[in-house]
Amino acid sequence: MPVPTVGQVVLVPMDQAVNNGSDVAPAIVSHVWSETSINVRVIEDGPRIEWRQSLEYIDDLNSLDRGELYWWTWPPQPAVDDGSSTEPTPTDPGATDPAA
């Protein structure tokens, strides 16, 4: 697991009533206590600015009961193309010219 640093984006659980129906919001790390404990500024989908202290890391926010707000997790990482695809590309011989 990566170590959080100030300025990184993490995800926190939210009360849907104050977050335009979403149960998760991004937050910016404002202080790091340890590899698993941080303070954040929450970026809600609304006008409030919320600061949460001493959030603890959890692998999956979906495992929490509604109303448990003092947790954080990493955002999902996009899939990375490692170049191992077997699909032909335009630079492959014969990929665009069936006679080649």
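The values are calculated or read from the model by the stated rules, or taken from the named source; none is laboratory data. Keep in mind that this is a model prediction, so the values were computed, not measured. So basically every Cβ, Gly included, is an ideal-geometry build from the backbone, and we count neighbours across all protein chains shown. Heavy atoms of the whole protein, side chains included, go into the accessibility calculation; ligands, DNA and RNA do not. Shrake-Rupley method; radii C 1.70, N 1.55, O 1.52, S 1.80 Å.
When the range 50-67 is filtered for residues that are open to solvent by less than 80 Å² (accessible area, probe 1.4 Å) and of a type in the set (D, E, K, R), the ones remaining, listed by number, are Glu50, Arg52, Glu56, Asp60. Residues in the range 10-24 that are of a type in the set (A, V, I, L, M, F, W, C), within 15 Å of Ile58 (Cα to Cα) and not in a loop (DSSP other than H, G, I, E, B): Val10, Leu11, Val12, Val24. Reported count of residues in the range 57-76, each being more than 12 Å from Thr36 (Cβ to Cβ) and not in a loop (DSSP other than H, G, I, E, B), is 3. When the residues of the range 32-49 are filtered to those that are in contact (Cβ under 8 Å) with a residue 12 or more places away in the chain and in a loop (DSSP other than H, G, I, E, B), the one that is least open to solvent (accessible area, probe 1.4 Å) is Glu44. Within the range 14-31, the set of residues being open to solvent by 10 Å² or more (accessible area, probe 1.4 Å) and at negative phi comprises Met14, Asp15, Gln16, Ala17, Val18, Ser22, Asp23, Val24, Pro26, Ile28, Ser30, His31.
Residue pairs whose Cβ atoms lie under 8 Å apart, sitting 6 or more positions apart in sequence or on different chains, and linking a residue in the range 50-75 that is at positive phi to a partner that is open to solvent by 50 Å² or more (accessible area, probe 1.4 Å), are Ser54/Trp33; Ser54/Tyr70; Gly67/Asp15.
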